[in-house]
Every structure is written in structure tokens, then in C-alpha cells.
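Asker: Okay, here's the structure, questions in a sec.
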Amino acid sequence: MRCDSFTADQTGHLKNADSITHSADKPVRWHIKEIQALLDMPFNDLIFQAQQVHREFHNANAVQLSTLISVKTGGCPEDCGYCPQAARYHTNVENQDMLSVDDVLAAATAAKAQGATRFCMGAAWRGPKQRDIEKMTAMISAVKDLGMETCATLGMLKPGQAKQLGDAGLDYYNHNLDTSPDYYKEIITTRQYKDRLNTLQAVRDAGINVCCGGIVGMGETREARAGLIAQLANLEPYPESVPINYLVQVEGTPLYGTAKLDPFEFVRTIAAARITMPKAMVRLSAGRREMSEAIQALCFLAGANSIFYGDKLLTTGNPEVRQDQTLFEKLGMQSL
Ligand code: SAM
Ligand code: DTB
Ligand code: SF4
């Protein structure tokens, strides 16, 4: 470890963690400097540590397959600098009204037939309206009846909305913090970090599992990546599912043309997520189409145990199913 004042033990925890406090009354489990010390480790040591944690809590050769669908595409009023669906940016995304329950059910059935066990429904909203919630609950129940795990990502939620989604059978709600609190304002101005935390609390209070992660490769520093992981790892409890996205650069968005982040930094971020959130499903999310098979294999070694599966994410491409199946065969991995 290069960090002088923070020495981590085998699990990466501070030996004197008790002495660190978040605020007067709330102890912190992971200090940002502690996470930065992980990210600064020699690569092999970091991966070894992550792999040890991974094997203690998970099957090291199994990956969960989750398929995404965009149930309402484009025209979003928010200004997320990475997003091709924001109405204010001129991208090639064509706006599409909300899909029917039958269309979503057909897509989920096809995803299941291809081997997916989880189905995630995304919508380009700042947050859903009541009539949207009613349609979403019908979609969620239909997908749940197929025996698949259900996930939705619909923007900000109020407590009552979260409860309705939970009652319909929603297993996970995805709502990302995206980056560190400090860097956040460079990326999004139309909603605050605190708004995101409030939605996560509403989801938690409704008894729905939390799926929350972020994006790397948006021009942030390593310290900012440590800041994101610290926020996630210090949630009480930490998320059950942590998607780590590698920015997909889409022409027309403000982040298009950002200097490409070295993929080893992405692998390091996965490892830090695995070490600090040992029981979580850590998802190697967007950006796989730009990654070599070798980098993806390193992500699995670093503790990723879930991927998005299917030829499309929400609006951008993902590796072909056949390609993924070949990769799993080469690596001797199976689906969960
Ligand atoms: N509108 C909802 C919201 O923002 O919460 C749900 C959909 S939104 C597209 C879900 C997440 O996808 C975002 O929070 C972001 O983390 C991720 N995402 C969006 N565009 C991306 C891109 N170009 N590259 C990587 N991840 C992206
Ligand atoms: C998440 O963290 N990544 C997924 C899912 N949650 C909804 C979305 C990635 C979107 C990539 C850009 C697109 O396809 O529009
Ligand atoms: Fe809208 Fe979500 Fe895209 Fe932000 S990430 S612009 S909220 S669809």
C-alpha cells in the first residue's frame, strides 16, 4: 500500500477503522482514502485480494445474465452528460412511446429462452407519473410470472411509487449514483446527488433490493472513482447489486470525445467494488463492446459476476449472445 496513514488488512479494511467517523453519530465502514489505497495497489496484489474476497462469497466461475429493455426511449428532460436519451442533445436515438405489456413480455420470454435469469426495464424519465407506474406494475407482474428476477430503472421515485412497484413483484430497482459527489456537478445539473440518495432510501424502505453503481471513464480522477465506491460501500446496507459501467461515448452527448480511460482502471474499479461490497452482485455493465475478451476476463477475475446479456443495452450495442457464449466456454464459466 502506498497510503501511509491507512494500512489495510487482508480484507482491505482499515486496522484502525473505529477511529474514523462520517459524522458525529454515524460510523463509516470505508474511508475514501482507504479505497484510494486499494486503487493504488500494484495491479496483481489488488486482483489477488479481490479474487480472495470473491471466492469467499461467490462461485468464482458463475455469472448472472441480465437482459435489458428500453420500455420508453428518448426525449428525457434531464441533462446527464453521458446519455443519448436526453432530449437536449442531438443524438441518433429515435424517441419511442412506452411499449405495450405484450411487447415487453415477448422480449422477456425471448431473453429467458437465451438463458437470462434477470430482466431489467429502463425508461427515459426524470421520474414516472402515476399512469406510468400503473403500466409498469403490469409489466413487472408479467415478467415475474415467467419466473425471472425483475429489475426496473425509471428515474426518481417517491416512497408511494416504490411501494406500488414492490407490491407488483419488483425484485430490484436500479438507480445509479454515477460518480463521486464532487464530480457529479460536472456531469448532471438537473437533479442533485441528494435526490438520488432519497430515491435509494425510498426503494430500500419499500423492501426492494437496491441496484446502484456508476460510470467510469467520464474524465474523472482515480480519487473520484474512490469517492463513488466509498458512497456505495457506505450505504446502510450497501447495495445488493452494483453495476459498473464503462462510458459508452455517443456522438452528440457532451461527454463524446472524452479521453479514453485505460481499461486497467476499469478493472481496478471492479476490484475495489468487490472488496468493499463482498456480498453484492458486481455487474460488468455498459461498455463491453469496446473491451477485449482479455479485459472482460480480468473483470471476472476482479470479482464481476454479472453482465448485461443480449445484443442491445438500452439504445447502444452490446456483444452478440453467441460471442458471450463463446467467451464463457473459453473461460469455463457458466451462468447463474
Ligand atoms: N432515466 C433513468 C435514470 O437515469 O435513472 C433510468 C435509465 S438510465 C439510462 C440508467 C443508467 O444508465 C444511468 O444512471 C447511467 O448510469 C447508465 N448510462 C446511461 N448512459 C450511459 C452511457 N452512455 N454509458 C454508460 N452508462 C450509461
Ligand atoms: C446500468 O447501470 N447500466 C444499464 C442499466 N443500468 C440500465 C444502462 C446502460 C446504458 C448504456 C447506454 C444506452 O444503451 O443507452
Ligand atoms: Fe434521462 Fe436517465 Fe438519460 Fe439521465 S440517464 S438523461 S435521467 S434517461
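The values are calculated or read from the model by the stated rules, or taken from the named source; none is laboratory data. Remember, it's a predicted structure, so these values are computed and weren't measured experimentally. All Cβ positions, glycine included, derive from the backbone under ideal geometry; neighbour counts span all protein chains shown. Calculation scope for accessible area: heavy atoms of the full protein, side chains included, ligands and nucleic acids excluded. Shrake-Rupley method; radii C 1.70, N 1.55, O 1.52, S 1.80 Å.
Asker: Taking only pairs six or more apart or across chains, which ones have beta-carbon atoms under 6 Å, a first residue in the stretch 204-220 that is within 17 Å of Cys83 (Cα to Cα), and a second residue that is within 12 Å of ligand 2 (Cβ to nearest atom) and charged (D, E, K, R)?
Answerer: From residues that are within 17 Å of Cys83 (Cα to Cα), the pairs are Gly214/Asp178; Ile215/Asp178.
Asker: I'd like the full set of residues that are of a type in the set (Ser, Thr, Tyr) and either assigned to a helix (DSSP H, G or I) or surrounded by 18 or more Cβ atoms within 10 Å (Cβ to Cβ) (or both), limited to the stretch 92-129. Can you show your working first?
Answerer: Taking the stretch 92-129 as the starting set, the residues that turn out to be of a type in the set (Ser, Thr, Tyr) are 100, 109, 117.
Within the stretch 92-129, just Thr109 meets the criteria.
Conditions tested, residue by residue: (1) touching a residue at least 60 places away in the same chain (Cβ under 8 Å); (2) more than 16 Å from ligand 2 (Cβ to nearest atom); (3) crowded, with 23+ Cβ neighbours inside 10 Å.
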{"position": "Thr189", "(1), (2), (3)": "yes, yes, no"}
{"position": "Asp195", "(1), (2), (3)": "no, yes, no"}
{"position": "Ala202", "(1), (2), (3)": "no, yes, no"}
{"position": "Ala230", "(1), (2), (3)": "yes, yes, yes"}
{"position": "Val250", "(1), (2), (3)": "yes, no, no"}
{"position": "Leu255", "(1), (2), (3)": "yes, no, no"}
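Asker: Kindly provide the set of residues from the stretch 130-154 that are open to solvent by less than 10 Å² (accessible area, probe 1.4 Å), within 16 Å of ligand 1 (Cβ to nearest atom) and outside any helix (DSSP H, G or I), ordered by number.
Answerer: Start the filter on the stretch 130-154 by keeping residues that are open to solvent by less than 10 Å² (accessible area, probe 1.4 Å), which leaves 133, 136, 139-140, 143, 148, 150-152, 154.
If we keep only those that are within 16 Å of ligand 1 (Cβ to nearest atom) too, we end up with 133, 136, 139-140, 150-152, 154.
Scanning the stretch 130-154 gives Thr150, Cys151, Ala152, Leu154.
Asker: Hey, can you tell me all the residues within the stretch 188-213 that are in a helix (DSSP H, G or I) and either near ligand 1 (Cβ under 10 Å from one of its atoms) or on the phi > 0 side of the Ramachandran plot (or both)? Explain how you work it out, then say what you get.
Answerer: At the first step, the residues of the stretch 188-213 found to be in a helix (DSSP H, G or I) are 193-205.
Result: Arg196, Thr199.
Asker: Checking Phe264 against (1) part of a loop (DSSP other than H, G, I, E, B); (2) open to solvent by 10 Å² or more (accessible area, probe 1.4 Å), which test does it fail?
Answerer: That leaves (1) as the condition not met.
Asker: Separate question: Which numbered condition trips up Thr253, out of (1) out of contact with any Phe, Trp or Tyr (no Cβ under 6 Å at 6 or more places or on another chain); (2) not in a helix (DSSP H, G or I)?
Answerer: (1)
Asker: Ok, one more. When you check Ala86 against the structure, is it at pLDDT 95 or above and in contact with a His (Cβ under 9 Å, 6 or more places away or on another chain), yes or no?
Answerer: Working: at pLDDT 95 or above: yes; in contact with a His (Cβ under 9 Å, 6 or more places away or on another chain): no.
Against the criterion (at pLDDT 95 or above and in contact with a His (Cβ under 9 Å, 6 or more places away or on another chain)), Ala86 does not qualify.
Asker: Quick check on this structure: which one of Pro319, Pro278 is more than 18 Å from Gln249 (Cα to Cα) and out of contact with any Gly (no Cβ under 8 Å at 6 or more places or on another chain)? Explain how you work it out, then say what you get.
Answerer: On the way: Pro319 fails: more than 18 Å from Gln249 (Cα to Cα).
Result of the check over Pro319, Pro278: Pro278.
Asker: Please tell me if Val216 is open to solvent by less than 10 Å² (accessible area, probe 1.4 Å) and within 15 Å of ligand 1 (Cβ to nearest atom).
Answerer: yes
Asker: Another question, if that's okay. Residues in the stretch 21-39: is at least one hydrophobic (A, V, I, L, M, F, W, C), over 30 Å from Leu327 (Cα atoms), modelled with pLDDT of 95 or more and open to solvent by 40 Å² or more (accessible area, probe 1.4 Å)? Write out each step before concluding.
Answerer: Residues of the stretch 21-39 that are hydrophobic (A, V, I, L, M, F, W, C), as a first pass: 24, 28, 30, 32, 35, 37-39.
If we keep only those that are over 30 Å from Leu327 (Cα atoms) as well, we get 24, 28, 30, 32, 35, 37.
The next check asks that each one be modelled with pLDDT of 95 or more; those that pass are 30, 32, 35, 37.
Filter once more, keeping what is open to solvent by 40 Å² or more (accessible area, probe 1.4 Å): 32.
Yes.
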